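Read the structure below first, then the notes.
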Amino acid sequence: MTEKIDWKQEILDLEKFNKKQENLLKNGAKSLTESWLIVALYIRWKKLQSIREQPSPNCSSNFQEWNKKVEDTDICQS
């Protein structure tokens, strides 16, 4: 079972913040702009914890590649 991490409390314990940032971390965002600030604080916490996201795999392709795969499988033959 994984333990839920309270990142907001951890970052409050690690750093000093102004009253607005501290209020956001304790009470949450009430507007879109405040939610952006919360995300920025979350990214800051991840950097402090040395947490790195795995890059997304490149799932791009083009129509020619797809069409060739369809022609190679040719499941619609009569």
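Bear in mind these aren't lab numbers, they're just calculated from the coordinates by the rules spelled out. The model shown is predicted, which means the values in this text are computed figures rather than measured ones. In this analysis, Cβ positions are derived from the backbone assuming ideal geometry, glycine residues included, and neighbour counts consider all displayed protein chains.
Quick notes on this one:
- Farthest towards the positive end of the charge dipole of the chain, among the residues S50, N62, L14, is the Cα of L14, using unit charges on the Cβ of Lys, Arg, Asp and Glu.
- Cα point-scatterer Debye curve for the chain, base-10 log of I(q)/I(0) at q = 0.11, 0.16, 0.18, 0.19 Å⁻¹: -0.52, -0.70, -0.82, -0.89
- Check: the range 14-78 dipole with +1 on Lys, Arg Cβ and -1 on Asp, Glu Cβ, in debye: 800
- Counting lysine pairs in the chain that sit 8 or more residues apart in sequence, or on different chains, and whose Cα atoms lie under 17 Å apart gives 14.
- Helix-only [θ]222 nm of the chain, DSSP H runs n ≥ 4, -39500 (n - 2.57) each, per residue, nearest 500: -17500 deg cm²/dmol
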